[in-house]
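Reviewing the structure listed below.
The values are calculated or read from the model by the stated rules, or taken from the named source; none is laboratory data. Only a predicted model underlies this, so the values are computations on that prediction, with no experimental measurement involved. In this analysis, Cβ positions are derived from the backbone assuming ideal geometry, glycine residues included, and neighbour counts consider all displayed protein chains. Areas reflect the complete protein model, heavy atoms only, side chains present, ligands, DNA and RNA absent. Shrake-Rupley method; radii C 1.70, N 1.55, O 1.52, S 1.80 Å.
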Amino acid sequence: MRFFVFLLATTLTCSAHAGGSSTPVKMLQFAVYGDNQYLLVVEPLARREGLARDRFIGSCPVFTVIGTYDGKGLLEKGYLPTEQDHLTAIGYLKDTPRELRLGWMGSGFKPLNPDYPCVVASRALQLLGDGDHTRVISWYSPT
């Protein structure tokens, strides 16, 4: 049942908000504070390689994510990720090569200051895919 809810949520979110996209990035910095708070600084490779630009990440020379796990409003509406999903994604980032795919679902990220759209907040992370197709996905809200 949980898998079905995830598929439904993913489908609805993707069609309504074009979520679920990801872009190749080079990790410049990753630090964890406490159990699940983190700072992630990446350089979008799409800019350098001339790939299609993601609406959040692609226009930034450097993209900074300040995040923690805050499932309020996500879990209540049947959306993933759980706190364990978030911690799994944190573990992946700790052990991952310097290049990865970073993306978003729902609203994905929230700029901390409209004047600096390349510094954003995230309320949860999740891994999607496997092997060469693994993506780290950020959630801010389901819509």
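Table for the structure above
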read-out: Pairs with Cβ under 9 Å, 6+ apart, first in region 11-32 and under 13 Å from Ile57 (Cα atoms), second modelled with pLDDT under 85 and basic (Lys, Arg); value: Ser21/Arg55; Thr23/Arg53; Lys26/Arg48
read-out: So Gly19, is it within 15 Å of the chain's Cα centre (by Cα), of a type outside the set (Ser, Thr, Tyr) and modelled with pLDDT of 70 or more; value: no
read-out: Candidate set from region 96-105 (those that are part of a strand (DSSP E or B) and open to solvent by 60 Å² or more (accessible area, probe 1.4 Å)); member that is farthest from Ser122 (Cα to Cα); value: Glu99
read-out: Search result, residues across region 109-136 that are part of a strand (DSSP E or B), open to solvent by 20 Å² or more (accessible area, probe 1.4 Å) and not hydrophobic (A, V, I, L, M, F, W, C); value: Lys110, Pro111, Arg135
read-out: Candidate set from region 71-95 (those that are assigned to a helix (DSSP H, G or I) and modelled with pLDDT under 85); member that is surrounded by the most Cβ atoms within 10 Å (Cβ to Cβ); value: Leu75
